[in-house]
Amino acid sequence: MALIAEKNIVVFVGGVGGAKLALGLQQVVAPEHLTTIVNTGDDFWHYGLRICPDIDTVLYTLSGRVDPINGWGLSDDSTIMLETLRSLGEDAWFTLRDKDLATHLLRTKMLREGYSLTDVVGHLAKVQGIQPTVLPMTDAEVPTIVNTVEHGELEFQSYFVQHRWQPTVKSLYFKNIDQATMTDSVRQAIQNADIILFAPSNPWLSIAPILSVPGMRDAIIARDVPRVAVTPIIQGKAVKGPAAKLMGELGYDVSPSSVAAYYEDVLTGFVYDIRDENVETYDLKTISFDTMMLTDEDKARLAREILIWLNEREFV
Ligand code: FO1
């Protein structure tokens, strides 16, 4: 049975870490009350295909088909196409595996036919048997550009995969974001939300693109409901990926407090990890839980703990 039956929950997510909390929520929230809004700044064109890594990570995770080792891609997938591409002399640095390729082919075909990314994601979710709503943050193409010391400006996947997030980051921007618009689906989900969560995704790389869609930040802040982020930083380290390294390079103290401060007035509450102490968050409501999500039980437990906390009188 759903934990907080009548409340509408919106969760903003990036890739692997965000998908884990979305899976936890899927286990404890009735599907008609759960909406996951996903970063698309990581999306790119590659060999003529539209690749949306964070969206696919969420869809594969929620449908129980994600590769458990990497946290992205499909489990039990093969690399025949990739090896063949390499045999043709290509530097195929992005791991497009064979079964996963079907998703990129179908998405690209539908986009070329004129469907919006929101339509495509809705279709892909439906055919994978996913019941909660999954929405891209916008239908526009707004690639994250990483300005690095060593290589100048890089598109996100080139920074992240090709260069293994080793270049030193000077700054970031989201190309064409000023022309992007919020979709009606995203606007309605936020307007109907009783609880707004920010998954433990990278605030600068995964959540900032979402908050930068014109109107998004104001729409969120306008909601007089709990707006709570879960820390991606535990004991000065990122659970996965470049968050800690990036924070240092951008001049932030690598701590949960810096994450909370970065979100500014977007948040009313903050969840930090039980392994950290004395987390200063000014006037936010805070609580600590075990935020390491290693198993599916961990994911459901964390989702349940957050929702129970938010259902307490002080937050309603
Ligand atoms: N991440 C990697 O580190 N290396 C890859 O070759 C790679 C391929 C890939 C293919 C499809 C997909 O959906 C995701 C993929 N990812 C890969 C993950 C992705 O680059 C990142 O996890 C996200 O963009 C960061 O959130």
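Helix 16-28: angle to the longest alpha-carbon principal axis of the chain, degrees 0 to 90, nearest 10?
50 degrees
At 1.4 Å probe size, what's the solvent-accessible area of SER185? Round to the nearest 10 Å².
Counting only protein heavy atoms, SER185 exposes about 50 Å² to solvent.
What part of the accessible area of the range 105-253, given as a whole %, is carbon or sulfur when the probe is 1.4 angstrom?
Values: 3020 of 6590 Å².
Its accessible area is 46 percent carbon and sulfur atoms.
Skipping prolines and chain starts, which residues have an amide H placed within reach, meaning under 5 Å, of the one on LYS170, given they are 5 or more residues away or on another chain?
Under 5 Å from the amide H of LYS170 lie the amide H atoms of ASN147, THR148, VAL149, each far enough along the sequence or on another chain.
Hand me the tally of lysine pairs in the range 1-152: alpha carbons under 22 angstrom apart, and the pair either on different chains or 8 or more positions apart.
Working: LYS7/LYS20; LYS20/LYS99; LYS20/LYS126; LYS99/LYS109; LYS99/LYS126; LYS109/LYS126.
For the range 1-152, the number of qualifying lysine pairs is 6.
Taking the dipole about the Cα centre of the range 164-262, with the C-beta of Lys and Arg at +1 and of Asp and Glu at -1, give me whichever of GLY215, ALA229, ALA243 is farthest to the positive side.
Checked the options; the winner is ALA243.
How long are the three semi-axes of the equivalent ellipsoid of the range 150-255, in whole Å, if each is the root of 5 times an eigenvalue of the C-alpha gyration tensor, listed from largest down?
Details: eigenvalues 150, 69, 22 Å².
After scaling each eigenvalue by five and taking roots: 27, 19, 10 Å.
Rounded if a/c is under 1.5, else prolate if a/b is larger than b/c, else oblate: which is the range 26-73, with a ≥ b ≥ c the root eigenvalues of its Cα gyration tensor?
Working: a/c = 3.08, a/b = 1.63, b/c = 1.89.
Taking the square roots of the gyration eigenvalues as a ≥ b ≥ c, the range 26-73 is oblate.
Once you charge only the Cβ atoms, +1 for Lys and Arg and -1 for Asp and Glu, what is the size of the charge dipole of the range 164-316 about its Cα centre, to the nearest 20 debye? Each step should come with its number before you reach the end.
Working: 16 positive and 21 negative charges, 119 e Å.
Using Cβ point charges on Lys, Arg, Asp and Glu, the range 164-316 gives about 580 debye.
Take every Cα-Cα distance within the range 58-126, group them into 10 Å bins from 0 onward, and report for each bin the whole-number percent of pairs it holds.
Reading the bins upward from 0: 19, 41, 33, 6.
Mind jotting down a quarter of the surface of the convex hull over the alpha carbons of the range 1-60, in square nanometres, one decimal?
Values: hull surface 17.2 nm².
Average projection, Cα convex hull of the range 1-60: 4.3 nm².
Compute and list, largest first, the equivalent-ellipsoid semi-axes of the range 1-118 from the alpha carbon gyration tensor, each √(5λ) rounded to a whole angstrom. The partial results should precede the final answer.
Values: eigenvalues 183, 53, 24 Å².
Its equivalent ellipsoid spans semi-axes of 30, 16, 11 Å.
Given charges of +1 on the Cβ of Lys and Arg and -1 on the Cβ of Asp and Glu, with all other atoms neutral, how large is the dipole of the range 184-268 about its Cα centre, in debye to the nearest 20?
Values: 7 positive and 8 negative charges, 59 e Å.
The calculated dipole for the range 184-268 is roughly 280 debye.
Can you list residues whose amide H is under 5 Å from ILE234's amide H, if they're 5+ apart or on another chain and H is modeled 1.01 Å from N?
Result for ILE234 returns VAL239.
If you take the square roots of the eigenvalues of the alpha-carbon gyration tensor of the range 270-316 and sort them as a ≥ b ≥ c, do you get rounded (a/c under 1.5), prolate (a/b over b/c) or oblate? Can you show the working numbers first?
On the way: a/c = 3.53, a/b = 1.24, b/c = 2.84.
Oblate shape, in that a/c is at least 1.5 and b/c is the bigger or equal ratio.
Pull up the DSSP beta bridges for the chain and report the antiparallel fraction as a percent, rounded to 5. Display every interim value, and only then the final one.
On the way: 15 of 39 bridges.
Roughly 40 percent of the DSSP beta bridges within the chain come out antiparallel.
Using Stokes-Einstein with the Kirkwood hydrodynamic radius over Cα pairs, what translational diffusion coefficient do you get for the range 97-198 at 10 °C and a viscosity of 1.306 mPa s, in µm²/s rounded to a whole number?
On the way: Rh = 16.1 Å.
The estimated diffusion coefficient comes to 98 µm²/s.
I need the P(r) histogram for the chain: all alpha carbon pairs, bin width 20 Å from 0 out to the longest distance, whole percents.
For the chain, the binned pair fractions read 34, 60, 6, 0 percent.
Charges at C-beta only: +1 for Lys and Arg, -1 for Asp and Glu. How large is the resulting dipole of the range 76-177 about its Cα centre, in Debye rounded to 20?
On the way: 10 positive and 14 negative charges, 37 e Å.
With only Lys, Arg, Asp and Glu charged at Cβ, the dipole is about 180 debye.
Taking only Cα atoms, what is the 0 to 90° angle, nearest 10, from helix 53-62's long axis to the longest principal axis of the chain?
With rounding to tens, the tilt is 60 degrees.
What does the accessible area per residue of the range 171-316 come to in Å², with a 1.4 Å probe and no ligands, DNA or RNA counted?
Working: 6620 Å² over 146 residues.
I get 45 Å² per residue for the range 171-316.
The values are calculated or read from the model by the stated rules, or taken from the named source; none is laboratory data. Here the structure is a predicted model, which means the values were calculated and not measured. Note that we place each Cβ from the backbone using ideal geometry, even for glycine, and neighbour counts take in every protein chain shown. Accessible surface is based on the protein model in full, side chains and every heavy atom, while ligands, DNA and RNA are left aside. Shrake-Rupley method; radii C 1.70, N 1.55, O 1.52, S 1.80 Å.
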